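A.B. asks: Quick one: the structure is below, questions incoming.
Values in this text are rule-based calculations from the coordinates and carry no lab data. This structure is a prediction, so every number in the text was calculated from the model and none was measured. Please note: Cβ atoms are built from the backbone with ideal geometry, for glycine as well, and neighbour counts cover all protein chains shown.
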């Protein structure tokens, strides 16, 4: 896991990202200046929750030095030493003041991709914004934690953030397991400005994100008979047909003729029409996970992975018609959102104690799965063995 | 968000380079303080400045030094310095300073890690502090004011460079592609005058805060304070030692530097020509005068913070004030005093060599630092009390005796040494001739009359000149000069007077010190320069049992400025030159900072209290008067004129309020215009509607549904976010309403 340098960018989240609310040190909670002033004065005496100020090693050295010089000043009555002591003490005070000013007006939030995939590197972003009108923000360290993956990271703000500017810190993170991952900014700290005091704010921001199963390779050779028997079944997904199934943001490379001009004008950004592809060679995926067959473990994870991988591949080749999980209804997959919802379900799929009924996969284009030897997974189309993973 | 700042952002490598170069600058600033401790460090400092300066100009030079050299540098320095410590025993401070200087150089030249940067700052701080404590110079104020911001900048840059994942890599790679031209342009690009101004204000605040802390820091009675380390020096002006040769005092007069300053407390009458008495020399050696061994044997080492000088019973007309002396180091061990002081007081305990017999005080060792002391209850007398000398000197006759050479011991004991005259037929004959010429054969003249006659004789024959010639011939040098008509300097006048008076039966001793001085017109204190060095005589009056001061040197001895002062009607020269102004800053430093103590703290506190009391009294009186005038105004009958007046006042108040509000709005508008963005409108119909819809979403739990999350987020952005970040408002609101309707 590694991080890349902070880049100053406008703090506008991409549409495919989830962002949390802004967090700040909590210095100014009121609209009234008087109340804010009183709050600050109170905070000088009573430490706010989660706020902690401790001396660093150099701070301890400074304190010991101050004690030494103070002791020498009193023993020798040397006013020169008293001057030095006064300078040291006032630099400590100034250090605290500047540290406060550095935090003031700084706010941060998490910005995550909507989905993670186990085994794939993904970027966890912290947007740092400086809402001060005059002073830049420097030298912050953010503590990040991924609970399920048991990963943690101390992410530095390497460059200054100018007033009314923001920047994004990126943690390149690789989730290890599918499921619900909680990414948390556990807190942040700073030794700004002179490194004497380490001020930390234990302000937690959490964001849950679903981690899709890891992609694995598999062999899949559908029997020729299958399509012959499935004539007439079509997959309704983005393609070049005429039925409008979705509107989405413009992406680089999209043909201009697919821009939905009315929607673009209304939303003030380019929107692309997605129309259904007329396709007659399609499959339905049916996943059944009775605990009598599937035990939680490596093989079950492999099942989830191969189902996810096949669903994506079939969708991309416009051959995925619908999906079914256990007792659930058959969900038609027409657009990318449908596929993502299915992958989200796979992220949390567990063996079930009992199934209400076994699907009668009458269709010869229904893909089902069964445990193979060892950790392997057998893939069937219409009950006929069609591949292994 | 507004457009991105055009100010350059220094990357971690550039920050590291800036930090390293600033550390070098800090080294130069710190090493500059060493000559203030001892001028012998000047060559070392020049060498260091040369080396560090060169490396700062060519920062890639240290890359050519083999890694092994860096590894062994610190142990080698430590070994060398341990040797230095052993060789310099028992002195600790000089080898310690040398050690610190060497370690600083090693740290300044090497590419530093965070820990080494902190070490460098500590070493530099040590040098500045030690220099300040040892020299007590006003230069310390400037040094610390320069040192503090640069040290803080280094620490600031250390913190910034530490805020990266790869500090070690930066350290190694940083200098391979360093170019000054590019670095300068990057620094210039990152420079922000407004920020620099803000930092300047912060530093001013830091200085004020330090001054405040310094002033309020509790001080205790300092009687038991231990003196700080002192750097001993062997250099002193030869004219103020216990053995001088003719010409030594005159040599000092070539120097225009200030030897000491004297601050008088309120109520003291300022003497126009004070004599600052330092060394008493009782024995004539032929080539000069010295303190006899028997006189020296009365020296006593005493450690205290106050020393009794003379008893009250024999004193008259004492003054209750204090004379505070700021005595420069390296002048002499002997402390200048004036008149007959009751007590000599130091701020802290001091080991002093006192000689009650000669009324002398000397530090037990010569230091390069300024010494501070006070004389209390000084009687401005032109005599010193004889301490039992009358028992020996009563009816004593001159003794013809001269030591074999300047270093051989005398067989005479004090106070008989004060009657010793040159022996030999030639000398005795010459003395006889001179005494006869002075007294015209009269015997047992009272001391004042004899003094007058001898001064008249000397002044008739000799003029004052710094350049004097002693005629060649047989016999004693002083006697040859006395019988000639050659001009002479103070030592010749004093020396001749002394032996002639002795020959006539009057015990005499030579005193060296200073006379006069200039009065600083800015801060009102005496400035006594080396050019005011002088020698005079103390003649024993057996009637009064006093050693009476006699200055045989004619008035022409006084320096040119004193001549000018005399011509203008005042004998004391009042100095209002730029030099005097700069010198007055030094005295302010001594008065307000170096000698700041609990007494002054109390004075400040009392002054504040008085000011506060007077201010509160004035405010009370003003409020009372205002209240009465308001009451009177309302009680008086209301006619048209008064209504107009009241309306006018109300109008003025209203106009004032409106004007104030207008100024505030104007500045806000200016700020927004500069930022190029409209101000945030906190309350608007868009925000209100978005807030309402978001509330309904929450009520129905729609905000929890993943497919509704973007819409809900957009609503919250409109409700609380900046306008610049708003999504299309109407679309979002319409969509939200539709969703609510469908659900």
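A.B. asks: Based solely on its DSSP helices, what 222 nm [θ] is calculated for the protein assembly as shown when runs of n ≥ 4 H residues each add -39,500 (n - 2.57) and the sum is averaged over all residues, nearest 500 deg cm²/dmol? Intermediate results must be reported in sequence, preceding the final value.
C.D. replies: Working: 31 runs with 468 residues, N = 1132.
Counting only the DSSP helices, I get -13500 deg cm²/dmol.
A.B. asks: Determine the equivalent ellipsoid of the range B:608-743 by diagonalising the alpha-carbon gyration tensor, then write out the semi-axes as square roots of 5 times the eigenvalues, largest first, rounded to whole Å.
C.D. replies: Output for the range B:608-743: semi-axes of 57, 21, 18 Å.
A.B. asks: Taking a virtual spin label 7 Å from the Cα of residue B:257 along the C-beta vector, which residues in the range B:360-385 bring their backbone nitrogen under 18 Å of it?
C.D. replies: Those under the cut-off are B:366-372.
A.B. asks: Once you put a point 7 Å from the Cα of residue B:8 and another 7 Å from the Cα of residue A:254, both along the Cβ direction, what distance in nm separates them?
C.D. replies: Result: 4.1 nm between the two label points.
A.B. asks: By how many degrees, 0 to 90 and rounded to 10, does the Cα axis of helix B:42-57 deviate from the longest principal axis of chain B?
C.D. replies: Once rounded, one gets 20 degrees.
A.B. asks: Give me the Kirkwood hydrodynamic radius of the range A:32-125, using the inverse of the mean 1/r over all pairs of distinct Cα atoms, in Å to one decimal.
C.D. replies: 17.6 Å
A.B. asks: How far is it, in nm, from the label point at residue B:61 to the one at residue B:668 when both lie 7 Å from their Cα along the line to the Cβ?
C.D. replies: Roughly 5.9 nm, to one decimal.
A.B. asks: Test of understanding: what is the full-extension gain from residue B:208 to residue B:191, defined as 0.36 nm times their sequence separation minus their Cα-Cα distance? Before the final figure, lay out each step's value.
C.D. replies: Working: separation 17, 0.36 × 17 = 6.12 nm, distance 2.59 nm.
So the chain would gain 3.5 nm between residue B:208 and residue B:191.
A.B. asks: Round to the nearest 0.05 the FRET efficiency obtained for residue B:273 and residue B:619 when R0 = 45 Å and r is the Cβ-Cβ distance.
C.D. replies: The pair residue B:273/residue B:619 has a calculated efficiency of 0.30.
A.B. asks: Related question: Report, in degrees rounded to the nearest 10, the 0 to 90 angle that the Cα long axis of helix A:336-347 makes with the longest principal axis of chain A.
C.D. replies: Taking the Cα atoms of chain A, the angle to A:336-347 is about 80 degrees.
A.B. asks: Dividing the alpha-carbon Rg of the range A:67-212 by 2.2 N^0.38 Å yields what?
C.D. replies: So the range A:67-212 has a normalised radius of gyration of 1.42.
A.B. asks: At a threshold of 8 angstrom on Cα-Cα distance, excluding pairs fewer than six apart, so keeping six or more, what relative contact order does the range B:1-82 reach in percent? Before the final figure, lay out each step's value.
C.D. replies: Numbers: 20 pairs, mean separation 16.9, N = 82.
Taking the mean separation of contacting Cα pairs over the length of the range B:1-82, I get 21 percent.
A.B. asks: With a/c under 1.5 counting as rounded, go ahead and sort the range B:19-95 into rounded, prolate or oblate using the C-alpha gyration tensor (a ≥ b ≥ c being the square roots of the eigenvalues; past the cut-off, prolate if a/b is larger than b/c, else oblate).
C.D. replies: oblate
A.B. asks: Take the Cβ-Cβ distance between residue B:723 and residue A:291 as r, set R0 to 60 Å, and report the resulting FRET efficiency rounded to the nearest 0.05.
C.D. replies: It comes to 0.65.
A.B. asks: Averaged over A:85-96, how many beta carbons belonging to a partner chain fall within 10 Å of each residue's beta carbon?
C.D. replies: Working: counts 4, 10, 14, 4, 5, 11, 7, 0, 5, 7, 4, 0.
The mean count of partner-chain Cβ atoms within 10 Å per residue comes to 6.
A.B. asks: Hey, another quick one. Using only alpha-carbon positions, what ratio does the radius of gyration of chain A give when scaled by 2.2 N^0.38 Å?
C.D. replies: Working: Rg = 29.1 Å, N = 389, 2.2 N^0.38 = 21.2 Å.
Ratio of Rg to 2.2 N^0.38 Å for chain A: 1.37.
A.B. asks: Taking a quarter of the surface of the Cα convex hull of chain B, what do you get in nm²?
C.D. replies: Computed as one quarter of the Cα hull surface, the answer is 55.9 nm².
A.B. asks: Quickly rank B:712-721, A:63-72 as a protection proxy: mean count of other C-beta atoms within 10 Å, highest first. Intermediate values should be presented prior to the final figure.
C.D. replies: On the way: B:712-721: 19.7, A:63-72: 15.9.
So the peptides B:712-721, A:63-72, ranked by packing, come out B:712-721, A:63-72.
A.B. asks: With an 8 Å cut-off on Cα pairs and a minimum separation of 6 or more residues, tell me the relative contact order of chain B in percent.
C.D. replies: 12 percent.
A.B. asks: Separate question: For the range A:84-132, taking Cα atoms only, what is the radius of gyration to one decimal and the Dmax to the nearest whole Å?
C.D. replies: 19.2, 58
A.B. asks: Please express the shape of the protein assembly as shown as an equivalent ellipsoid: the semi-axes are the square roots of 5 times the eigenvalues of the C-alpha gyration tensor, given largest first in whole angstrom. Mind showing how you got there, number by number?
C.D. replies: Details: eigenvalues 1791, 273, 103 Å².
Three semi-axes, in Å: 95, 37, 23.
A.B. asks: Still on this structure, I have one more. How well do other chains shield peptide B:126-133, expressed as the mean number of their Cβ atoms within 10 Å of each residue Cβ?
C.D. replies: The per-residue average across the peptide is 4.
A.B. asks: Sticking with this one: With a point put 7 Å past each Cα toward its Cβ, work out how far residue B:611 is from residue B:639 in nm, to one decimal.
C.D. replies: Simple spin-label model gives 4.8 nm for this pair.
A.B. asks: Can you give the translational diffusion coefficient of the range B:1-129 in µm²/s, computed by Stokes-Einstein from the Kirkwood radius over Cα pairs at 37 °C and 0.692 mPa s?
C.D. replies: Details: Rh = 16.1 Å.
Answer, rounded: 203 µm²/s.
A.B. asks: If you don't mind, another one. How well do other chains shield peptide B:153-159, expressed as the mean number of their Cβ atoms within 10 Å of each residue Cβ?
C.D. replies: Shielding by partners across B:153-159 averages 5.
A.B. asks: Further question on the same structure: Return one number: the angle in degrees, 0 to 90 and rounded to the nearest 10, between the long axis of the Cα atoms of helix B:139-162 and the longest principal axis of the Cα atoms of chain B.
C.D. replies: 30 degrees
A.B. asks: Let me ask another. Using alpha carbon coordinates only, what is the Rg to Rh ratio of the range B:388-525, with Rh defined as the Kirkwood radius?
C.D. replies: Using Cα coordinates only, the ratio equals 1.02.
A.B. asks: Please give the residues of the range A:244-263, grouped as numeric ranges, whose backbone N is less than 18 Å from a label point set 7 Å along the Cα-to-Cβ vector of residue B:738.
C.D. replies: Answer for this model: A:244-250, A:260-263.
A.B. asks: What is the pair-distance distribution P(r) of the range B:462-541, computed from all Cα-Cα distances in 5 Å bins starting at 0, with each bin given as a whole percent?
C.D. replies: Per 5 Å bin, starting at 0, the Cα pair percentages come out as 3, 15, 18, 19, 17, 12, 7, 5, 3, 1, 0.
A.B. asks: Right, here's the next one. Could you work out the relative contact order of chain A? I mean the mean sequence separation of Cα pairs under 8 Å and 6+ apart, divided by the number of residues, in percent.
C.D. replies: Relative contact order of chain A: 16 percent.
A.B. asks: For residue B:176 and residue A:340, what is the calculated FRET efficiency with R₀ set at 56 Å and r taken between the beta-carbons, to the nearest 0.05?
C.D. replies: 0.70
A.B. asks: Right, here's the next one. Could you give me D for the range B:620-659, from Stokes-Einstein at 25 °C and 0.890 mPa s, where the hydrodynamic radius is the Kirkwood radius over C-alpha pairs? Units µm² s⁻¹, please.
C.D. replies: Here the translational diffusion coefficient equals 214 µm²/s.
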